[in-house]
1. When the distances between all Cα atoms of the stretch 256-362 are binned every 10 Å from zero, what whole-number percent does each bin get?
2. Distance in nm between label sites at Glu132 and Gln229, each 7 Å beyond Cα in the beta-carbon direction?
3. Within the set of other residues whose C-beta is less than 14 Å from the C-beta of Trp314, count the net charge using Lys and Arg as +1 and Asp and Glu as -1.
4. Which loop-located GluC sites (Glu not before Pro) does the stretch 240-333 contain, where loop means any DSSP state but H, G, I, E or B and the Cβ has at most 16 other Cβ atoms within 10 Å?
5. Working out 0.36 nm times the residue gap between Ala155 and Thr344, then minus their Cα-Cα distance, what length gain in nm do you get to one decimal?
6. Placing +1 on the Cβ of each Lys and Arg and -1 on the Cβ of each Asp and Glu in the stretch 233-330, which of Cys257, Pro279, Thr300 has its Cα farthest towards the positive end of the resulting dipole?
7. Order 366-373, 115-122 from most to least packed using the mean count of other Cβ atoms within 10 Å.
8. Please state, rounded to one decimal and in Å, the Kirkwood hydrodynamic radius that the stretch 293-417 gives when every pair of distinct Cα atoms enters the mean of 1/r.
Amino acid sequence: MAMQQLQRQVLHCGHAQSPVAAPITPHRSHPTRGRVVASQGSEATTQLTSTSVRHLYEVSAASCCQQVSSSTSGPNSVQELASVAAANPAVLIAAVVALGLTVVGVSKLFDSGSRAYASSSTVGNEYDAWTEEGVLEYYWGEHIHLGYYSDAERAAGYKKKNFKQAKYDFTDEMLRFSGTTQPKSILDVGCGFGGTSRHLAKKFPGASVRGITLSPKQVERGTEMAKEQGVPNVQFEVMDALAMTIPDNSVELVWACESGEHMPDKKKYVEEMVRVLKPGGQLVIACWCQREETPSTPFTEKERKELQFLYDEWAHPYFISYQEFVRLMNGTGKMEKLSAEDWTSQTLPSWIHSIWVGVWDPWYVMTKGPRILYKCLRDAVTLVRMHYAFDSGLMQYGLMRGTKKADGSMQFNAAAQ
């Protein structure tokens, strides 16, 4: 199904397995986590299917991006094919069988995730690989998060907007949403290779900005770009967001953009950020969230299977709802002025837009060899499935914010949780 959806998206040119997870109770502090599923299939089968997948991609791209006249693809081609089939029926039979096996292989290949979360090392290693490959930076720029598209921009057609500029706009809109004014200290939790950290450091030259990530390669690249851009008030380091070596009550703005998805303990994630936040400081979180599950609106088996794929393909332990994030923030007993918004509409174009930038400029990927090409194809399929998950309401894009109360004590009230 996902492959068919991808083909429809690309060919239209005008738009944009695993065990089932246990029920997720919205009022529980530790939602049920997605199960880790190992990739299946022999190496030979994977190689064969990968070649077939790449061929399908080439055909789809050619169909979408090239103008083919009727004189080059008409009855002559069909007649030639019919002649070959009539002369040797075995050829036609073999072709049909091969096509059938390819379709089945592709379906199985994309039915389960290939990069399931196992530990924090899984996340660090994946981001190391993405950073070294350079593909993500080439197409997404300095910011590896979704972009922001206003009502007017969506009405005019999202492809008219610069894809990378949309990410800068998102950062500015998230900053506005946070309610902060002139923070003197900023912590970027899950900083990637530091696009947002540097952007905020430039906006607030008097502030000390610190970006943390699990990826040494991201730290290296982020530091390089800070030097290249002449941004002296930002630093990057490898640090686990669930065990930060940062003093209590020391940061005026804690910023967490699309890092919560990778956290195996969302409650600890929130508590650590609240712990380091200064009294009166702001915490702002942006996160891919699954919809709120209630007794009257449980996840269907189909939805659970789709969520499991989205967990396992990009090293996500599990997702929670944005309402649950607010409950976790409130559960610390240290936060006030809590609020949340659903930014699904403003960010939805990013998923398919990111595929289009690759269609318009495919050559960088083409030079990376078959392994990276296949990995990017899997990512394209996942981008389409993410688009449909958000568009259908299975997923939502949550923005959450709050202010730390004047009491800076970090003795959390267990009863409040």
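1. With 10 Å bins starting at 0, P(r) equals 12, 37, 33, 14, 3, 0.
2. Simple spin-label model gives 2.5 nm for this pair.
3. Around Trp314, the surrounding residues sum to -3.
4. Values: sites: Glu252, Glu258, Glu261, Glu271, Glu272, Glu292, Glu293, Glu301, Glu303, Glu306, Glu313, Glu324; in loops: Glu258, Glu292, Glu293.
Those that pass, being in a loop and sparsely packed, are Glu292.
5. Additional length available on full extension: 66.5 nm.
6. About the Cα centre, the residue reaching furthest to the positive side is Pro279.
7. The peptides rank, most packed first, as 115-122, 366-373.
8. That comes to 17.5 Å for the stretch 293-417.
Since every read-out is calculated from the coordinates, none of them should be taken as a lab result. Computed from a predicted structure; not experimentally measured. So basically every Cβ, Gly included, is an ideal-geometry build from the backbone, and we count neighbours across all protein chains shown.
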